[in-house]
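As C-alpha cells, the structure follows; a few thoughts come after it.
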Amino acid sequence: MIISLTIIRYPKVFVPVAFFAMAIHRLPLFLNRRCSFWKLMGSGNKGTFDLKPDLRQWALLAVWQSRNDFEEFYHHSFISWWWKIFSTEQWTILCTPLTSHGKWDGINPFAGESKEVYTGGPIAVLTRATIRPSRLKSFWSNADHVADILRRSQGYIVSFGIGEVPFFKQATFSVWKSAEDVKAFAYQSEEHREVINKTRSGNWYSEELFARFIPIESFGSLHGSDPLKDLV
C-alpha cells in the first residue's frame, strides 16, 4: 500500500479551472481500480485547520495498491496531464502506513495490510474530523491556537490544512523529524492536551481518524522548493 498526497498550486488566473477540476477529476479517480481510496480537497492558508481558504492551492490524497500503480497514474493519467498544463507548482509525498485508527466516511482506508515497522527518522501524521454542526463555533474558536502550538513545536517540519467540505470536514497532514517529536506534541504539550480534552468532553466530532505514515519519497516544489528536501 502506498499513500500519496499531492499539493497543487494554480496561477491566480486559473482558480476557476481549479474549481472545475474538483468536479471532473472525480470520474477518472472513481474508475481507477488501482486506487482504493481518494479525496480531492481544498487547502487552508495556515498549514492546518483554517477558515480562510487558499484558492490557489488544492490537494489529492490517494491510496494505491502498489508503487507501480501510483507511477502509472502520475505519469500517464488525465489528471496528471491537467496538472502539467494548468498548475504552476505541484509537490508530492509518498508514504507507507504505520498505524491508523478511526473512520473516514465510514471506513479506515489505511487498514487491511500489515504495517511498516518504524525504526526512526521522519514521520507523517494525518488527523481528520467531521465536525458536528452544533460544535462548529467551539472548534473554530480554538483552531488558530492549535495552529500556533503546532508550528512552534519541536521537530515540526511542515503541515497542510486540507478539507473536503468547507467548515465541516477538515484534516491536517503534518511531517515531523521523529515519532518522539509527535509524541511530545500530542501528549506532553499542556496547551494541546487542553484542546484535546475539550474535543472529547464537548463531543465535537461525529467522525474522526488519526494515522501515522513513514515518508519514503518527496518530489516537486511548493513556493520554489521541496519542503522535505534531503529529509526523505
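For the chain, the longest principal axis of the C-alpha atoms and the axis of helix 15-24 are separated by about 80°. Only one residue of F30, N203, T127 has its Cα farthest out toward the positive end of the dipole of the chain, where Lys and Arg carry +1 and Asp and Glu -1 on Cβ, and that residue is N203. When you restrict to C-alpha pairs under 8 Å that are six or more residues apart and normalise by the size of region 104-232, the relative contact order lands at 38 percent. Compared with the dominant principal axis of the Cα atoms in the chain, helix 67-76 is inclined by about 50°. Nearest 10 degrees, 0 to 90: what angle lies between the long axis of helix 190-202 and the longest principal axis of the chain (Cα atoms)? That helix lies at roughly 90 degrees to the long axis. Stretching the chain fully between K12 and S201 yields a gain of 63.9 nm (0.36 nm per residue, less the alpha carbon separation). Could you tell me which of the pairs K137/K183; K12/K177; K12/K183; K137/K177; K52/K177; K12/K198 are separated by over 30 angstrom between their Cα atoms in the structure shown? Among K137/K183; K12/K177; K12/K183; K137/K177; K52/K177; K12/K198, the Cα-Cα distance tops 30 Å for K12/K177; K12/K183; K137/K177; K12/K198. Pick out which of I214, I131, I107 has the largest mean-square fluctuation in a Gaussian network model of the chain, springs linking Cα atoms closer than 10 Å. Of I214, I131, I107, the most mobile in the Gaussian network model is I107.
Figure legend: label point modelled 7 angstrom from the Cα of F167 along Cα→Cβ; residues of region 131-154 with amide N under 15 Å from it are 131-141. Computed over the chain with a Gaussian network model linking Cα atoms closer than 10 Å, the most mobile of A171, A21, A129 is A21. Computed on the Cα trace of the chain, the radius of gyration divided by the Kirkwood hydrodynamic radius gives Rg/Rh = 0.94.
Largest mean-square fluctuation among L222, L98, L31, in a Gaussian network model of the chain whose springs join Cα atoms under 10 Å apart, belongs to L31. Taking 0.36 nm per residue of separation and subtracting the current Cα-Cα distance, fully stretching the chain between M22 and H76 would add 17.5 nm. Measuring nothing but how far apart in sequence close Cα pairs (under 8 Å, 6+ apart) lie, relative to its length, region 2-220 scores a relative contact order of 29 percent.
Throughout, read-outs are computed from the coordinates displayed, never taken from laboratory work. Fair warning: this is a prediction, and the values are worked out from it, not measured in the lab. Here Cβ is always computed from backbone atoms with ideal geometry, including for glycine, and neighbour counts include all displayed protein chains.
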